[in-house]
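So the structure is just underneath, and the comments pick up after that.
The values are calculated or read from the model by the stated rules, or taken from the named source; none is laboratory data. Given the structure is predicted, the values throughout are model-derived calculations rather than measurements. Cβ placement follows ideal geometry from the backbone for every residue including glycine, while neighbour counts extend to all protein chains displayed. Side chains are part of the model used for accessible areas, which takes the heavy atoms of the whole protein and leaves out ligands, DNA and RNA. Shrake-Rupley method; radii C 1.70, N 1.55, O 1.52, S 1.80 Å.
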Amino acid sequence: MKKNVKKTRVTLKGKAVREPSVKQLTGNGIFRSRFRNLYFILLATAGIYFFIHNNGFVRWDDDWYIQENPQVQHFTASSTGALFTHFFKGQYSPVTTLAIALMYGKDQANPGIYHTVSALIHLLNICLVFWLILLLFESTAMSTIVAALFGLHTLQAEAVSWASAIKVLLYTLFFLAALIMYVRYVKSGKAKYFILTLVFFILSFFSKEQAVMLALCLVAIDFLLERNLKSGKLILEKLPFFALSVIMGIVTIFASKTGEFYEKTASGPFYHQIAFASYALVQYVIKLVLPVHLSAFYPYPEDHNLVPGIYWLSVIPALVIVGLFIWSLFRNRIPAFALAFFFINIILVLQIMPLRDFILADRFVYIPSIGFFIIIAWIYKHYLSQKKNLQMPLKVIFGAYLFLLFLLSYQRTGIWKDSISLFNDMVNKEPESSVAWNNRGLANYDLKNYKQAIVDFNTSIRLNPKSVFSYNNLGITYTESGDLKNAVKSLDYAISMRPEFVQAYYNRADAHSKMDNLAAAISDYDKVLTLRPGYIEAYSQRGIMKAKSGRMQDAMPDLNKAVELEPGNPEAYMNRGVVKLNLADYSGAIEDFSITIKMKPGFAYSYFNRGLAYIKSGNQSSGCNDLEKSRQMGFPQAEGALRQFCK
């Protein structure tokens, strides 16, 4: 590839001028030392998130995405490839899952590790933002302003404080690295930077699907750097990026079909989505200026067919924003690029095509905010360089604004301390949201505060009688509280409203099993496996139910399937070993229990069962040794077994 030596030119005040030198742009005062400014930004940001390691997990994806994720729990080096070839509950983010699994393996899902790593990645992202802006504009002033706003802004607190949002941070890390490598490629013409751009692009997508928009961001950079957008060379450069984007988009669509997480909301005509998208766009801009009344959940109006006036009024300022972008295309490349960057990275999450049950989310603005901050930096620098008498007042105002962001962000991190804190805040901010009450019910369920959980779930159902998730969760709570009749009744409601609701069948099977209605439980597991043939836990549980009903031989195919589907799960071998023990297949049982012990050395029940298998096979010595180990580990039945078999 030929080296591009053309001097970059930008447009200021409608005139084409040569980009000033770094020395001209930095000037005097607080921007004299570029890296000193970056150190201060990093220090201030670290202050915001200094105590974040004390936060726990929350019942807002952390449960299924981290704590109960079999890809994470049973991860081994040999299973790395499976992360890249399998979807998990509507998600495809193998690099993020790999990072989570490595952290899980270090300290068994200690939330402090995840939060600490998230804060560190955010600090790295600040450095990359600073570097990117410096490369694009050769201005320490603009780099400092954008990096400071990016690091300290309160809207970023959700992405940093929420363990599951680490995928936002990781995809941003690789996304920014790709942009930096691309700018270096454009300025140097060296092929290695082009290749690194592709590599970081792929890593970014493997972290989160929104990375598909990178190809358009590269075109925006070409526009800013005044490259010929119609040149064959430039078009050829972009082909691999757009081809990868198409492939990645198809992968994302297939992945999304494997999940069942979002409440199916009634959607009105398409033009209603224009109003919702306009509202979301305007709200993002407002919250980027003044980040108050933030929430982890911003719901749609309950009736999609009756759109409140505020949503329609939002179309006007949204059109103004779009108009400013079009105007800037012909007037000034810097704001045009900034707005393009903002729109490119926000368009997928404006819910023009409704995919989620919420209208906006703080974390969705993590990357798009860079475009908005570039505009602020450009305006700020423009006034600093043109009106000397405003320099000090503007610096004071900007400093005060950053301090306000610091305080608001620090306060916001505390909201993510635990599930109760998060969902109390959500209920206070959105008291008419059934989702808010449903999630607070889950938080109370986790605390075994079943009475309050039932109140919360019933409130959620009152606000949205069609909430299948609330009925499902109410059924689970009734099961745990011992009210099995109402548990089955609630799960019946959920299934009647959504006959393909797999989890409701699974939970109803659990309630039936606790009522000793094994036939009904098996029937529900049959339905689960019809709807989702790869549901590992359903194979295990159906096998256990068959075994409990005396159908030991019938149980074996299910338990074999569970082992086949998840060979890294010690519980699967344990369950099969128990059935083999009952079938007098003592050597097979010993083999399964030994595998379980190898995978999970502290599993006292495994030693107990292997001890029984050894004794029944005639190996008294080995059996008594295992029973003694089980007793030392605190397994209650081991003491009696020792007295019976090891006198």
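Summary table below
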| read-out | value |
| --- | --- |
| Across Lys598/Lys647; Lys208/Lys429; Lys167/Lys546; Lys89/Lys514; Lys89/Lys527, pairs whose alpha-carbon gap is larger than 30 Å | Lys167/Lys546 |
| Theoretical FRET efficiency, 1/(1+(r/R0)^6), r = Cβ-Cβ of Ser594 and Lys388, R0 56 Å, to 0.05 | 0.10 |
| Estimated distance in nm for a label pair at Phe645 and Glu628, the labels positioned 7 Å out from Cα along Cα-to-Cβ | 1.5 nm |
| Where trypsin sites (Lys or Arg not before Pro) fall in DSSP loop in the range 291-387, at most 15 other Cβ within 10 Å | Arg331, Arg356, Lys387 |
| Additional length obtainable on full extension of the chain from Trp312 to Met515, 0.36 nm per residue less Cα span | 67.8 nm |
| Estimated vicinal HN-Hα couplings, Hz - the range 121-127 in sequence order (Karplus 6.51, -1.76, 1.60; Gly, Pro = x) | 5, 4, 5, 5, 5, 4, 4 |
| Diffusion coefficient, µm² s⁻¹, Stokes-Einstein with Kirkwood Rh over alpha-carbon pairs of the chain at 10 °C and 1.306 mPa s | 57 µm²/s |
| Sites matching trypsin sites (Lys or Arg not before Pro) across the range 168-252 that sit in DSSP coil, with at most 12 neighbouring C-beta atoms within 10 Å | Lys230 |
| Where no second cysteine Cβ lies under 4.7 Å, the cysteines concerned in the chain | Cys127, Cys217 |
| Karplus 3J(HN,Hα) series, Hz, for the range 433-441 with 6.51 cos²θ - 1.76 cosθ + 1.60 (x for Gly, Pro) | 8, 5, 5, 4, 5, 4, 6, 5, x |
| Principal semi-axes in Å for the range 289-440 [√(5λ), Cα gyration tensor, largest first] | 33, 23, 13 |
| Accessible surface, per residue, of the range 459-603 when the full set of protein chains is kept, probe 1.4 Å, Å² | 44 Å² |
| In order through the range 525-530: 3J(HN,Hα) via Karplus (6.51 cos²θ - 1.76 cosθ + 1.60), integer Hz, x for Gly, Pro | 5, 4, 5, 4, 6, 5 |
| Loop-located chymotrypsin sites (Phe, Trp or Tyr not before Pro) in the range 328-432, at most 14 other Cβ atoms within 10 Å (DSSP) | Phe330 |
| Helix-only mean residue ellipticity at 222 nm for the chain, each DSSP H run of n ≥ 4 adding -39500 (n - 2.57), per residue, nearest 500 | -22000 deg cm²/dmol |
| The chain, accessible surface, carbon-and-sulfur percent (1.4 angstrom probe) | 62 percent |
| With Cα atoms, 0 to 90° folded angle of helix 620-632 axis to the chain main axis | 50 degrees |
| Hydrodynamic radius by Kirkwood, which averages 1/r over all alpha carbon pairs of the range 334-408, in angstrom | 14.4 Å |
| Between 0 and 90°, nearest 10: helix 552-565 axis offset from the chain longest Cα axis | 20 degrees |
| For Tyr298, distant residues with modelled amide H under 5 Å away | Ile359, Leu360 |
